[in-house]
1. Based on what the data block shows, is LEU244 out of contact with any strand residue (DSSP E or B) (no Cβ under 9 Å at 6 or more places or on another chain) and surrounded by 16 or more Cβ atoms within 10 Å (Cβ to Cβ)?
2. Scan the helices (runs of 4 or more DSSP H) fully inside segment 227-343 and keep the ones with 2 or more residues being under 30 Å from ARG35 (Cα atoms) and without any contact (Cβ under 8 Å) to a residue 60 or more places away in the chain.
3. Restricting attention to segment 40-60, which residues are of a type in the set (S, T, N, Q), part of a helix (DSSP H, G or I) and surrounded by fewer than 24 Cβ atoms within 10 Å (Cβ to Cβ)?
4. Residues being modelled with pLDDT under 90 and either in contact with a helix residue (DSSP H, G or I) (Cβ under 6 Å, 6 or more places away or on another chain) or buried (at least 17 other Cβ atoms within 10 Å of the Cβ) (or both): count how many of those fall in segment 118-144.
5. Quick check on GLY317: is it small (Gly, Ala, Ser), more than 21 Å from LEU99 (Cβ to Cβ) and surrounded by fewer than 22 Cβ atoms within 10 Å (Cβ to Cβ)?
6. I'd like the residue in segment 5-39 that is among the β-branched types (Val, Ile, Thr) and part of a helix (DSSP H, G or I) and, out of all such residues, is modelled with the lowest pLDDT.
7. Between a residue in segment 148-176 that is buried (at least 22 other Cβ atoms within 10 Å of the Cβ) and any residue that is aromatic (Phe, Trp, Tyr) and not in a loop (DSSP other than H, G, I, E, B), which pairs come within a Cβ distance under 9 Å, given they are 6 or more apart or on different chains?
8. For segment 40-47, indicate whether the set of residues that are at pLDDT 95 or above, closer than 22 Å to LEU185 by Cα and charged (D, E, K, R) is non-empty.
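The values are calculated or read from the model by the stated rules, or taken from the named source; none is laboratory data. Here the structure is a predicted model, which is why all the values come from computation and not from measurement. A quick note on method: Cβ atoms are made from the backbone with ideal geometry, for glycine too, and the neighbour counts reach across all protein chains shown.
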Amino acid sequence: MTTMTRTAQPPAPTGPGTSDEQDEEFVRRSEPFRRELLAYCYRMLGSIHDAEDVLQETYLQAWRGYARFEGRSSMRTWMYRIATRACLKALEGNGRRPLPSGLGSPSDHPDEPPRPGSAEVPWLQPAPDVLFGPAPADPAAVAEARQTMRLGFVAALQYLSGRQRAVLILRDALAWRASEVADLLGTTPAAVNSALQRARAQLSRIAPAQDAIAEPADPARRALLDRYAAAFESADVGVLAGVLTDDAVWEMPPIPTWFAGREAVIRFLRGRVLAAGEQRMVLTSVNGQPAFGSYSRGGDGVYRAHALQVLTVTAAGVARVVAFLDAGLFALCGLPTALDGAP
């Protein structure tokens with residue numbers, strides 16, 4: 001996989017009519033949009049790996065076409081137009097990226113082994129916050145950005161067509177005007193507004209609870225996360241039960257089995273996951289949500305990357321945990337792949 005984090009500059013010029021000055025100008029004008037374009041592509045595609053690949057293609061196409069850029073739109077709009085075309089092309093023929101809860105009912109048998117993981121399903125992927133740079137200075141902008149990057153919101157977007165996703169993200173998440181979106185998509189403001197209404201209606205049917213999540217104030221939030229991590233590390237079922245909400249959900253992509261309700265989640269964790277001293281938890285941030293890198297101890301005493309747990313925290317407690325069983329996500333979060341056995 002080619003990632004944008006490894007490609008900071010456009011490739012060396014090879015065609016006629018290029019110059020070092022023009023390349024430098026392109027980099028200077030296009031670089032400020034790199035992180036927001038990555039977030040846009042991720043929302044569109046539901047995969048941080050695909051988003052990085054599409055962003056790579058976007059910058060390559062923009063560099064090749066920069067000599068023909070006439071400035072009739074802003075550089076930002078032009079880059080978004082190229083990125084949107086690339087995302088829509090990437091979505092052609094591809095199904096949605098689900099979470100386990102989007103594929104069937106929760107398991108009623110938490111004491112039984114879960115079904116084997118499926119590599120055939122293109123699962124929704126998390127997006128580490130570290131990839132998107134510092135948060136906006138405006139608190140309202142921070143709240144909006146976090147809500148539109150949440151796993152639940154990105155999972156709901158998967159049920160929309162590509163163009164509906166683009167309209168909804170540009171209008172609701174990025175606050176573009178209908179005329180701006182129409183110009184980008186080559187359509188009319190009326191068509192944009194119609195697509196937006198349909199997209200909103202479909203989202204309300206799919207995920208009616210995707211309103212702003214009321215989180216506890218920061219000190220209480222941090223205390224809650226500390227209790228959650230300590231409960232995992234010490235296998236304290238009582239503390240964990242007190243942290244989870246009554247309707248808590250536990251998911252483990254690529255394993256399709258998932259559980260709903262505090263009792264079912266606790267029974268599964270107690271029987272299949274928790275063991276005192278066998279796990280270490282390291283706090284990070286993913287999709288604008290708190291997350292933990294979960295490390296499991298091996299026979300040599302080394303704790304190795306096991307799962308990236310992304311938490312939905314509400315004023316009532318931890319309402320959902322999506323534990324991505326993919327050690328490859330740790331490096332994206334800036335987390336080590338192993339910890340020594342020292343406490």
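1. When the stated conditions are applied, LEU244 does not pass them.
2. Details: elements: 237-243, 262-272, 329-332.
Here the list reads 329-332.
3. Scanning segment 40-60 gives a single hit, GLN56.
4. Within segment 118-144, residues that are modelled with pLDDT under 90 and either in contact with a helix residue (DSSP H, G or I) (Cβ under 6 Å, 6 or more places away or on another chain) or buried (at least 17 other Cβ atoms within 10 Å of the Cβ) (or both) number 5.
5. no
6. Filtering segment 5-39 down to residues among the β-branched types (Val, Ile, Thr) leaves 5, 7, 14, 18, 27.
Now drop any that are not part of a helix (DSSP H, G or I), which leaves 5, 27.
Working: THR5: 41, VAL27: 94.
It comes out as THR5.
7. Qualifying pairs under 9 Å: VAL154/TYR42; ALA166/TYR40; ILE169/TYR40; LEU170/TYR40; LEU170/TYR80.
8. Scanning segment 40-47 turns up at least one residue that is at pLDDT 95 or above, closer than 22 Å to LEU185 by Cα and charged (D, E, K, R).
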